[in-house]
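Here, each number is a calculation from the coordinates, and none is a lab measurement. Not measured: the values here are computed from a predicted model. Note that each Cβ is placed from the backbone with ideal geometry, even for glycine, and that neighbours are counted across all protein chains shown.
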Number of protein chains: 2
Amino acid sequence: MNAHMPPMPAIRPEAAAAPTSGIVDAMTYGRGRPGLIPLWVGEGHLSTPDFIGEALRASLAAGETFYTYQRGIPELRAALAAYDERLYGRPTDPERFFVTMGGMHAMQIAFRLVAGLGDEVIVPTPAWPNFVGALTVSGATPVTVPMSLEPEGWHLDLERIAGAITPRTRALVINSPANPTGWTATLDELRAILALARRHGLWIVADEIYGRFVHDERMRVGERAASFKDVMTTEDRILFVQTFSKNWAMTGWRMGWIEAPPALGQTIENLIQYSSSGTAVFVQRAGVAALEGGEAFVAEQIAAARRGREIVCAGLRALNGVSLPPPSGAFYAFFRVRGADDSLALARRIIDEANVGLAPGEAFGPGGEGALRFCYARKAEDVAEAVRRLVPVLGAIGAE
Amino acid sequence: MNAHMPPMPAIRPEAAAAPTSGIVDAMTYGRGRPGLIPLWVGEGHLSTPDFIGEALRASLAAGETFYTYQRGIPELRAALAAYDERLYGRPTDPERFFVTMGGMHAMQIAFRLVAGLGDEVIVPTPAWPNFVGALTVSGATPVTVPMSLEPEGWHLDLERIAGAITPRTRALVINSPANPTGWTATLDELRAILALARRHGLWIVADEIYGRFVHDERMRVGERAASFKDVMTTEDRILFVQTFSKNWAMTGWRMGWIEAPPALGQTIENLIQYSSSGTAVFVQRAGVAALEGGEAFVAEQIAAARRGREIVCAGLRALNGVSLPPPSGAFYAFFRVRGADDSLALARRIIDEANVGLAPGEAFGPGGEGALRFCYARKAEDVAEAVRRLVPVLGAIGAE
């Protein structure tokens, strides 16, 4: 801060309260170090496959650079419905799908629909920091409920969730498979959560963006993780937020979708109008290509994550002082080191001593203190090299 | 609506109150009619020039498909500062610029910063409907203050603005050159508005996106319209919302920027994080190309708008019963027809009888009733043909 800077003018408290991402703190510390292996954010090392870029180029060449449908082009909404039908095994109405500028934009719209000033929304933690961030900006109060770490892994305690419900509660945010813990709900757990939401008249904001990445057979249904779609009716108050980022290596494209009851269509169209005013047609054409021709690439992504998971678990779980429950889904290892409580200090030390970039657990809210998040959705060599570098450093810390 | 649809579940009142754009009503009525000349939205007939698309293709080929800086890539922020310096004739700090997903996203962030539930924001009307729409969604109360239509054109009555200020007022939205009226502030008017805002401690949200399109020499400063930048200090509470859409024919790209005091930087970064999570790098590279190599194209756009304005004014101002104050800036003709009060009915009748798509004035709020908006930023043949078709129909209506 420059001493000559004018005083910060008065801004809205919700805007001023928007928290800075704790992941960025570690990234700022480590950015630009030669040879650093960056595993702090949820993206792989591959850029988007070219057949997806080709669809963008064709659209651009056709001059598709004008304003378009706020809900998304009909071709992409139809492709989303067809993809959904293939993956979840039942017909879906294209009118349920609304194209957004990324999963974050989908989340913003979902929160706008269900909560605002004076409302509470329950977020089980450790959780993706943007849930709490976006709720804070919306004016709603995020109510964090820590999950428990049992010997067999992370556990969502439904009694604890039920105990956090008040007359002001409007929604539950359920992220399964979960970032950062890898926790993944079973069908029975999804049924129980849905029953709780129905009983209290709550919305569910369902983040199932890692649904293709399931590693534990108990939570698997066909090619993907168990989903609220397996247990819900179309009348249930569930808003799905989704993204092209993870399955198709499109993190930088900023495209996702929200799936909602068609009765909300006009309202969602209006919320898109007054936030993004739609998504570029040439980006949407790329989305159609991803959905229609991307299965081989997605299969490779899943296989890479599975290999990465095996390498991390084999390398770190054996270490004395390291506690790493095997993640059931998604592509993160979330682990603790005995005696280390300050996760940001730990992340910095690992940058200094191992030249590996991890995300500090405290960024993920209550229950994340002291932990580190390692994104293993990368090529096996990188993951193996990161583990090789981590082993002596973590071993030394655990023995201190 | 399907009779079997489930009842609309309870959603937040601000979301439910999001108004549907009145422009869309006319578009829905006319869409798909063969031979219709569409002049209802603010975009021309040209797709984006290829040198801009080329920058996107190069970035994509270089694999720039990953997450990036929330504030925008440094190259684009530097290019924005350099463009600003050329246009406004004084040095600008790149730290003042934050890349957004379009002018609408910039506007959403500006409103998040300055207003929320319980706050009032003054919007002179007729105005772009999205000001009121976005404020409604934010929870703030838009307070519309109609401009007056004097014999010499539209006039912003500062006494009326001052009279609308209450202890809850937080900001003024000033759009100059204005959509839809073409009203453009003089330097004296800008000074007076700024003095009023300073006196009451109000923010100004300045929409100067049509600043390159100025037709009246009294409001001209060099290559552009008079701007708050000519009369402000860097300490003033002014948020500029901007877009690549109009100057560079990039409406469909969804990229813009917000210019704000650097002291707000971390807050704006957080608001971007929790809404869009940044703008695609390949789109930002195209923005750099537009800013650095786009002046010849912008000059053509300005010339086309000037020709279009002459054709519309010459063709319609002579008509008995048509009232069209010559627009000082932007690229719209906003006119009334004697005896016609229902602008949506009028827009539909013109679609039926002239096969020309215009925007109904009622969409632009108080003061817009009975009027029609004609976007003349198109090739001269289209504008001339639209005028040829309109003349008999408007003549007949005016004589009824």
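Cα centroid separation, the stretch B:348-400 to the stretch A:40-61: 42 Å. Pairwise inverse Cα distances across the stretch B:136-269, averaged and inverted, put the Kirkwood hydrodynamic radius at 16.0 Å. Each residue of the stretch B:114-125 was assigned a 3J(HN,Hα) from its phi angle through the Karplus expression (A = 6.51, B = -1.76, C = 1.60, θ = phi - 60°), giving 10, 8, x, 3, x, 9, 10, 10, 8, 10, x, 10 Hz with x at Gly and Pro.
For the options B:A171, B:A192, B:A61, a Gaussian network treatment of chain B with springs between C-alpha atoms closer than 10 Å singles out B:A61 as fluctuating the most.
Each helix, a run of at least 4 DSSP H residues, gives -39500 (n - 2.57); summed and divided by the residues of chain B, these come to -12500 deg cm²/dmol at 222 nm. Between amide H atoms placed 1.01 Å from N, distances below 5 Å from A:G357 occur with A:I37, A:L39, all of them 5 or more places distant or on a separate chain. With Cα atoms as the point set, the radius of gyration and Dmax of the stretch B:207-335 evaluate to 17.8, 56 Å. Measuring r between the beta carbons of B:E223 and B:S323 and using R0 = 30 Å, the FRET efficiency lands at 0.45. In a reduced charge model with +1 at each Lys and Arg Cβ and -1 at each Asp and Glu Cβ, the protein assembly as shown shows a dipole moment near 40 debye about its Cα centre. Kirkwood analysis of the stretch B:1-142, using all unique Cα-Cα pairs, places the hydrodynamic radius at 19.6 Å. The calculated FRET efficiency for the pair A:A62 and A:T186, based on their C-beta separation and a Förster distance of 56 Å, comes to about 0.75.
Dipole magnitude for the stretch A:183-255: computed about the Cα centre from +1 point charges on Lys and Arg Cβ and -1 point charges on Asp and Glu Cβ, it is near 160 debye.
Work out, in µm²/s and without decimals, the Stokes-Einstein translational diffusion coefficient of the protein assembly as shown at 25 °C, 0.890 mPa s, Rh from Kirkwood over C-alpha pairs. The Stokes-Einstein estimate is 89 µm²/s.
Within a straight-line Cα-Cα reach of under 17 Å, A:K229 can be paired with the following aspartates and glutamates, leaving aside sequence neighbours fewer than 8 residues apart in one chain: A:D84, A:E85, A:D93, A:E95, A:D188, A:E189, A:D207, A:E208, A:E259. Residue exposure proxy: A:F364, A:F240, ordered by other Cβ atoms within 10 angstrom of their Cβ from fewest to most, comes out as A:F240, A:F364.
Counting only alpha carbon atoms, the long axis of helix A:295-316 and the longest principal axis of chain A meet at about 20°. When the Gaussian network model of chain B links Cα atoms closer than 10 Å, the mean-square fluctuations of B:T181, B:T68, B:T251 top out at B:T68.
Relative to the longest principal axis of the C-alpha atoms of chain B, give the angle of the C-alpha long axis of helix B:50-61, reported between 0 and 90° and rounded to the nearest 10°. Rounded to the nearest ten degrees, it is 40. The phi-based Karplus calculation (6.51 cos²θ - 1.76 cosθ + 1.60; θ = phi - 60°) puts the 3J(HN,Hα) values of the stretch B:223-234 at 8, 7, 6, 3, 9, 4, 5, 6, 10, 8, 10, 5 Hz, whole numbers, x for Gly and Pro. Its relative contact order, with pairs defined as Cα atoms under 8 Å and 6+ residues apart, puts the stretch A:254-334 at 19 percent.
In what sequence do A:R373, B:R218 fall when counting other Cβ within 10 Å, fewest first?
Fewest to most other Cβ atoms nearby, the residues stand as B:R218, A:R373.
Short-range pairs are left out: with C-alpha atoms under 8 Å and at least six residues apart, the relative contact order of chain B is 25 percent. Shown for B:G395: label points 7 Å from Cα along the beta-carbon vector, and their distances to the equivalent points in the other copies, 9.4 nm in ascending order. In order along the stretch A:394-400, phi translates into HN-Hα couplings of 5, x, 5, 5, x, 8, 5 Hz, rounded to whole numbers, per the Karplus curve 6.51 cos²θ - 1.76 cosθ + 1.60 with θ = phi - 60° and x for Gly and Pro. Its Cα centre serving as origin, the stretch A:1-117 has a Cβ charge dipole (Lys and Arg +1, Asp and Glu -1) of approximately 280 debye. Equivalent-ellipsoid semi-axes for the stretch B:242-296 (Cα gyration tensor, √(5λ), whole Å, largest first): 23, 13, 10. Distances between placed amide hydrogens fall under 5 Å for B:T186 paired with no residue 5 or more residues away or on another chain. Calculated on the Cα set of the stretch B:305-400, radius of gyration then Dmax: 12.0, 33 Å. How would the stretch A:124-168 be classified by its alpha-carbon gyration tensor: rounded, prolate or oblate, with rounded meaning a/c under 1.5 and the a/b versus b/c comparison settling the rest? Judged from the Cα gyration tensor, the stretch A:124-168 comes out oblate (a/c at least 1.5, b/c at or above a/b). Across peptide A:57-70, the mean count of Cβ atoms from other chains lying within 10 Å of each residue's own Cβ comes to 5.
Note: relative contact order over the stretch A:298-400, using C-alpha pairs below 8 Å and six or more positions apart, is 36 percent.
If the label point is 7 Å along Cα→Cβ of B:D50, which residues in the stretch B:298-335 have backbone nitrogen under 18 Å from it? From the stretch B:298-335, the list is B:298.
Quick check: the angle from helix B:129-138's long axis to the longest principal axis of chain B, C-alpha only, nearest 10 degrees? It is inclined by approximately 50 degrees.
Cβ crowding within 10 Å, taken as a proxy for footprinting-reagent exposure, orders A:D50, A:D236 from fewest neighbours to most as A:D50, A:D236.
With chain B treated as a Gaussian network of Cα nodes joined by springs under 10 Å, which of B:G32, B:G211, B:G361 yields the largest mean-square fluctuation? Between B:G32, B:G211, B:G361, it is B:G32 that shows the largest mean-square fluctuation.
Between B:H155 and B:T234, the FRET efficiency from the beta-carbon distance, with R0 = 35 Å, is close to 0.70.
Please say if chain B is rounded, prolate or oblate, where rounded means a/c under 1.5 for a ≥ b ≥ c the square roots of the C-alpha gyration tensor eigenvalues, and otherwise the choice is prolate for a/b larger than b/c and oblate otherwise? It is rounded, given that a/c, with a ≥ b ≥ c, falls under 1.5.
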